[in-house]
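Before any comments, here is the structure.
The values are calculated or read from the model by the stated rules, or taken from the named source; none is laboratory data. All of these numbers come straight from a predicted model, not from anything done at the bench. Cβ placement follows ideal geometry from the backbone for every residue including glycine, while neighbour counts extend to all protein chains displayed. Note: areas computed on protein heavy atoms with side chains; ligands, DNA, RNA excluded. Shrake-Rupley method; radii C 1.70, N 1.55, O 1.52, S 1.80 Å.
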Amino acid sequence: MSENKIPAVIDGQKHSLRFRENGEFRVLLFTDIQGHPPVPAERTVRDMNAVIDREDPDLILLGGDICSGCETEEQLRGFLEVLTAHTEERKIPWAHVYGNHDTERIGKDLTREEEQEIYESFAYCISKAGPEEIPGVGNYVLPVYSFDVSRSDPLFAVWGLDSGAYVRDPGLPGNQAIMPNALFLGQPRSDYAYIPFTQIQWYFNSSLKMEEYAGHKVPGLMYFHIPLQEFYTVYLNPEQTGMTGVMEEGEICAGVLNSGLFTAMLERGDIRAVCCGHDHCNDYAGTYCGICLAYAANIGYDTYHHEHMMGGRMFVIREEDPADVKTYMSYINRD
Ligand SMILES: [Fe+2]
C-alpha cells in the first residue's frame, strides 16, 4: 500500500466492513418498501427478516423509496425502528439511498437532509450524507477490508449515490427545458431525474483517490434508486448479456437523460455491478461491457408488487477475487 493518508471519502465510518474468515462478504439489498407511516406493512417486515436470516448478510442496503414521505421526525424514527429492529438486534451494518418517493411532497415531507440525521442516528446505520458541494444526500463509499486485520488497504467498495427524483424538481440543471417525451425508448413518458455530472465527477475522483491510497484498483458495487438507461440494453440483448430474471413492469423507468455515469464507470474500470430498484416488478440482471446491471424486485406490500418476485438481491464477493461479484435474487415465495 502507498504512504498516502486515508482519503476523507473512506474515513470515519461507524462500523468497518470486513471479509469473513471463510473469504466471503455478503450484501443483501432490499428496495421499494414504500411503506406508509407510521409503520411498514407487517408482511414486509416479516419477509425481510426471513430473508436476512436465510442469507446471513454482512451488509444490508435499502435501495430507496423506503417510505412514502414522512411529515415528522417522530414518524420516520418510529417507522425505521420497526423496519430495522431485526437488523439492529443482529448488529448487521446497514445503509440506504433515497428514491423519488422518500421526500416527494415538497413543503410537507421531511427533507433529505432532515431524514439523513435520523437515519444516521441508528446504531448500525453506516450511510453518510456525503459532500455538501454536490447534488443530493447520500453520496458515499463504504470500503470493505481483508479478514486479515494487518492489511489496511480496501479490497472492495460499496458506493451509494442519490439518483434524485424528477426533472421537474427545482435545482436540477435544465429542468425547464427537458421535454418529458421521446428521449428514451425504454420508457417514453419519463420525467425521472438523471445523475448530474458533478456527482459522476465526485465518484470518478474519489475512485482515483482510493486507488492511489490502496495501491491497486478497488473493485466495487454501486447502488442507487433510478436505473440507468443501459439497463434497457440488457433487456434488449438477453443472450449476449446472459440475462436472468424478467421485466414484468413492462418498461424501464430510467432517468430522462443519459448523463454518462455508465461511461465513467467503464473508464475507471472499478465498478463490477450496479443495482437499482424503482421498477418494482423488474428483477433481471445481465452483464454489459463487463459490468453487471441488476434490478432488485421490491419487498413492499404497501405498494404495487408481484407476489412471486418479492425478495431481496444478494451479492456475494470473495476476498480471493473481489472483482468477480456473484448475484442472485433471494425470493420469499419460491424455494
Ligand atoms: Fe421509485
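Would you tally the net charge around D283, using a Cβ to Cβ cut-off of less than 14 Å, leaving D283 out, and scoring K and R as +1, D and E as -1? Mind showing how you got there, number by number?
Working: positive: R313, R334; negative: D32, E248, E249, D279, E307.
Around D283, the charge tally is -3.
Can you classify the stretch 68-134 as rounded, prolate or oblate using the Cα gyration tensor, where a ≥ b ≥ c are the square roots of its eigenvalues, rounded means a/c under 1.5, and otherwise it's prolate if a/b beats b/c and oblate if not?
Working: a/c = 2.24, a/b = 1.33, b/c = 1.68.
Oblate shape, in that a/c is at least 1.5 and b/c is the bigger or equal ratio.
Straight-line cross-link partners of K5 among the lysines, defined as a Cα under 16 Å from its Cα and at least 8 positions apart when in the same chain: K209. Scaled against the 2.2 N^0.38 Å expected of a compact globular protein of N residues, the Cα radius of gyration of the chain reads 0.92. In the chain, the portion of solvent-accessible area held by carbon and sulfur atoms comes to 51 percent [1.4 Å probe, whole percent, DNA, RNA and ligands not counted]. List the trypsin sites (Lys or Arg not before Pro) within the stretch 267-335 that fall in a DSSP loop (any state other than H, G, I, E or B) and whose Cβ has at most 15 other Cβ atoms within 10 Å. Answer in residue order: R334.
Protein heavy-atom accessible surface, 1.4 Å probe, per residue over the stretch 206-309: 33 Å².
How would the stretch 1-109 be classified by its alpha-carbon gyration tensor: rounded, prolate or oblate, with rounded meaning a/c under 1.5 and the a/b versus b/c comparison settling the rest?
oblate
Only lysines eight or more places from K326 in sequence, or on another chain, were considered; those with a Cα closer than 25 Å are K91, K217. Would you give the gap between the C-alpha center of the stretch 115-145 and the C-alpha center of the stretch 1-74, rounded to a whole Å? A separation of 11 Å, based on Cα centres.
Taking θ as phi - 60° and the Karplus parameters 6.51, -1.76 and 1.60, the scalar couplings of the stretch 216-231 work out to 7, 5, 10, x, x, 10, 10, 9, 7, 7, 8, x, 7, 4, 5, 4 Hz in sequence order, x denoting glycine and proline. Taking all protein chains into account, the per residue accessible area for the stretch 1-86 stands at 44 Å² (1.4 Å probe). Each Lys or Arg adds one and each Asp or Glu takes one away; over the other residues whose Cβ falls under 9 Å from the Cβ of I126, this sums to +1. Loop-located chymotrypsin sites (Phe, Trp or Tyr not before Pro) in the stretch 285-335 (DSSP state not H, G, I, E or B) with no more than 12 neighbouring Cβ atoms inside 10 Å: Y304.
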